[in-house]
Amino acid sequence: AMGTVTNTITVGSAPFGVSFIPNGSQAYYTTSSQVAIIDVAMGLVINTITAGTDNRSVAFTPDSSEAYVVASSTNAVFVVDVAMGSVTNTITVGTGPICIAMTPDGSQAYITTRISGDVSVIDVASKSVVATIAQGVLHHGIAITPDGSQAFVANEFTQNVAVIDIASGLVTNTITVG
């Protein structure tokens, strides 16, 4: 029936974020101390991965080969090889990272940081931060346009959305929302 809970899956303490792998077969849930991987069809946790502390959000490469896990208290992004189910790289980012968005072509990941007040840009091929875009404090959500030309960053403290031009790495507009 519509609106009925059909299953409850225990994923660990303090679950925060969830993201589906692009092919839809698995869901990655972030918790305070791990990432729980759920087989969607079976409705079961099939693996857990330790990836820093205070894990917040996950983004996948378009080919579903890697997951990028944001760990807020660790100030890092952990790269998970989806096939192996284990962490293969750790990338240090700004202080208090919270959200992540992947460009549609999978070449870059953009990470908002609540405390250091910037957006860290990771080059997926080199697994390194290639740019840091100043943004102010207490920003959370980030989304990239389907054509990959802009990133929209939600800023809680200033109650606006900053628009970043992906090609230049510059904030080109600020939209008041509060």
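Mind running the shape call on segment 3-138? Use the C-alpha gyration tensor, a ≥ b ≥ c as the square roots of the eigenvalues: rounded below 1.5 for a/c, prolate if a/b tops b/c, oblate otherwise. It comes out prolate by the Cα gyration axes. Compute a Gaussian network model of the chain, connecting alpha carbons closer than 10 Å, and tell me which residue from 162, 125, 27 fluctuates the most. In this elastic network of the chain, the residue with the biggest mean-square fluctuation among 162, 125, 27 is 125.
Gain on full extension, evaluated as 0.36 nm per residue between residue 89 and residue 41 minus their Cα-Cα distance, stands at 14.4 nm.
The apolar share of the surface of segment 75-178, taken as the fraction of accessible area on carbon and sulfur atoms (1.4 Å probe, ligands and nucleic acids excluded), comes to 56 percent.
Placing +1 on the Cβ of every Lys and Arg and -1 on the Cβ of every Asp and Glu, with nothing else charged, gives the chain a dipole about its Cα centre of roughly 340 debye. Taking 22, 146, 62 as the candidate residues, the one with maximal mean-square fluctuation in a Gaussian network model of the chain, Cα springs under 10 Å, is 146. Computed with a 1.4 Å probe over protein heavy atoms only, the accessible surface of the chain comes to 47 Å² per residue.
Packing here is the average count of other Cβ atoms within 10 Å per residue, and on that basis the peptides 90-100, 40-50, highest first, run 90-100, 40-50. Residue by residue, segment 53-61 carries 3J(HN,Hα) couplings of 10, 6, 5, 10, 8, 9, 9, 10, 5 Hz when phi is fed to the Karplus relation 6.51 cos²θ - 1.76 cosθ + 1.60 (θ = phi - 60°); x denotes Gly or Pro. For segment 57-76, backbone nitrogen atoms closer than 14 Å to the point 7 Å from residue 25 Cα along Cα-to-C-beta are found at 63-66.
Each of 155, 61, 133 was scored by the projection of its Cα onto the charge dipole of the chain, and the greatest displacement toward the positive side belongs to 155; charges sit on the C-beta of Lys, Arg, Asp and Glu.
Under the simplified labelling scheme, the residue 174-residue 53 pair shows an inter-label distance of 3.4 nm, with each label point 7 Å from Cα along Cα→Cβ.
The values are calculated or read from the model by the stated rules, or taken from the named source; none is laboratory data. Given the structure is predicted, the values throughout are model-derived calculations rather than measurements. Don't worry about glycine lacking a Cβ; one is built from the backbone with ideal geometry, like all the others, and counts go over all protein chains shown. To get the accessible areas, we keep the full protein, side chains included, count just its heavy atoms, and leave off ligands, DNA and RNA. Shrake-Rupley method; radii C 1.70, N 1.55, O 1.52, S 1.80 Å.
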